[in-house]
Amino acid sequence: MDYKAKKQYGQNFLRDRHVLGKIIEAAALSTDDKVLEIGPGLGALTDLMLPRAGLVRVMEVDSELVERLQGRSAANLVIHQGDALRLPWKELLLEPPYKLVANLPYNISSQVLFKILEHRPLFSRLVLMFQKEVGDRLCAPPGGKDYGILSVHCQLWFEIRRVTIVPPGAFVPVPKVDSVVLAFTPLATPRAVVADEPFFRRVVKGAFGQRRKTLRNALLGAGFVESELRAALDVAGIDGGRRAETLNIQEFAALSTALAGSDKGER
Ligand code: SAM
């Protein structure tokens with residue numbers, strides 16, 4: 001490879017044809033589809049998507065890689081140079097929906113996920129590569145140590161399927177960890193009714209803020225008022241002595257709704 005990968009941009013280029021094929025298969029592209037790829041890198045995935053999709057928009061932060069991508073002659077490739085976390089998705093992703101397909105830089109995968117959640121109406125499908133540990137958290141059911149903030153928010157809106165586990169040897173340079181490809185399909189109706197999303201996020205964040213504490217103590221620590229918290233737990237039928245990781249999504253939603261009803265339960 002006549003290119004020196006940059007660590008600060010999380011550059012591990014996918015070389016394994018089998019894995020590339022699995023990603024393309026999971027994306028199920030047709031020429032009517034518009035695709036967003038975050039971090040196209042040297043273009044291994046991009047080159048497979050260009051003949052299969054109507055339009056491929058890519059967001060790449062590394063100007064050296066952007067220059068290389070500009071050398072491609074595909075008429076349906078649109079390149080946005082910049083940090084995907086800062087680029088204005090609503091303005092750039094014209095005429096949604098898009099399929100988001102990406103081998104994400106691992107150092108920003110959580111932040112990208114939160115940005116995806118914020119912009120979820122723009123997307124009809126996501127096929128994303130994660131560090132395996134992060135993938136395990138996204139798919140985790142309640143009750144274990146893997147279940148957390150990202151599991152709740154992603155599973156609220158999406159059906160998540162594991163496409164394939166990817167060994168380090170599939171990349172150049174070789175990373176230290178296993179990876180996993182996940183496919184996200186938006187649910188026709190979310191798994192729970194969440195009226196006030198920002199408030200729901202605050203409740204979930206507060207609950208998981210101190211995982212070893214009971215739900216009651218974690219939420220008190222996050223600034224919720226004791227009397228209102230007690231009343232809301234009562235209304236939602238949830239024992240405050242439980243830990244956050246034991247609550248399912250519907251219970252988080254019920255607690256959030258009950259707390260919102262008590263004037264947001266905050267000091
Ligand atoms: N898609 C390519 C592949 O599968 O071989 C490259 C994947 S590599 C793990 C991550 C890519 O994301 C690199 O090209 C890197 O330069 C780019 N990248 C890193 N941080 C980024 C950011 N904040 N915004 C956009 N692209 C970024």
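The values are calculated or read from the model by the stated rules, or taken from the named source; none is laboratory data. All figures in this text were calculated on a predicted structure; none of them were measured in a lab. All Cβ positions, glycine included, derive from the backbone under ideal geometry; neighbour counts span all protein chains shown. Quick note on the areas: whole protein, heavy atoms, side chains included, nothing else; ligands and nucleic acids left out. Shrake-Rupley method; radii C 1.70, N 1.55, O 1.52, S 1.80 Å.
Extension gain LYS213-GLN81, at 0.36 nm per residue separation less the Cα-Cα distance, in nm?
43.1 nm
How much of THR46 can a 1.4 Å solvent probe reach, expressed as accessible area in Å² and rounded to 10?
About 0 Å², ignoring ligands and nucleic acids.
At 0.36 nm per residue, minus the direct Cα-Cα distance, what do ASP16 and GLN111 gain on full extension? Give it in nm, one decimal, please.
Here the segment from ASP16 to GLN111 would lengthen by 31.6 nm.
I'd like the accessible area for HIS153: 1.4 Å probe, protein heavy atoms, all chains in place, Å² to the nearest 10.
10
Would you compute, for the Cα atoms of the range 197-265, the largest minus smallest coordinate along each principal axis and list the three values in descending order, in whole Å?
27, 22, 22
Ignoring ligands, DNA and RNA, what percent of the accessible area of the chain is carbon or sulfur (1.4 Å)?
49
Once you charge only the Cβ atoms, +1 for Lys and Arg and -1 for Asp and Glu, what is the size of the charge dipole of the chain about its Cα centre, to the nearest 20 debye?
For the chain, the charge dipole is close to 560 debye.
Relative to the longest principal axis of the chain, what angle (0 to 90°, nearest 10) does the C-alpha long axis of helix 226-236 take?
For helix 226-236, the angle is close to 80 degrees.
How much accessible area per residue does the range 7-186 have, in Å², with a 1.4 Å probe?
I get 45 Å² per residue for the range 7-186.
Separation of the range 143-189 and the range 1-41 by C-alpha centroid, Å?
16
Run the 1.4 Å probe and let me know the accessible area of TYR3, rounded to the nearest 10 Å².
20
Work out the P(r) tail for the chain: percent of alpha carbon pairs separated by more than 23 Å, whole number.
Above the 23 Å cut-off, the chain has 55 percent of its Cα pairs.
Treat each spin label as a single point 7 Å out from the Cα along the C-beta direction, and report the ASP234 to TYR9 distance in nm.
5.8
With a Förster radius of 35 Å, plug the Cβ-Cβ distance of SER63 and ASN248 into 1/(1 + (r/R0)^6) and report the FRET value to the nearest 0.05.
0.20
From the phi angles alone, apply the Karplus equation (6.51, -1.76, 1.60; θ = phi - 60°) to the range 209-221 and give each ³J(HN,Hα) in whole Hz, x where the residue is Gly or Pro.
x, 10, 4, 6, 7, 5, 4, 4, 5, 5, 6, 4, x
Could you give log10 I(q)/I(0) at q = 0.14, 0.15, 0.21 Å⁻¹ for the range 88-222, computed by the Debye formula over C-alpha point scatterers of equal weight, without solvent?
Relative scattering, expressed as log10 I(q)/I(0), comes to -0.71, -0.81, -1.34.
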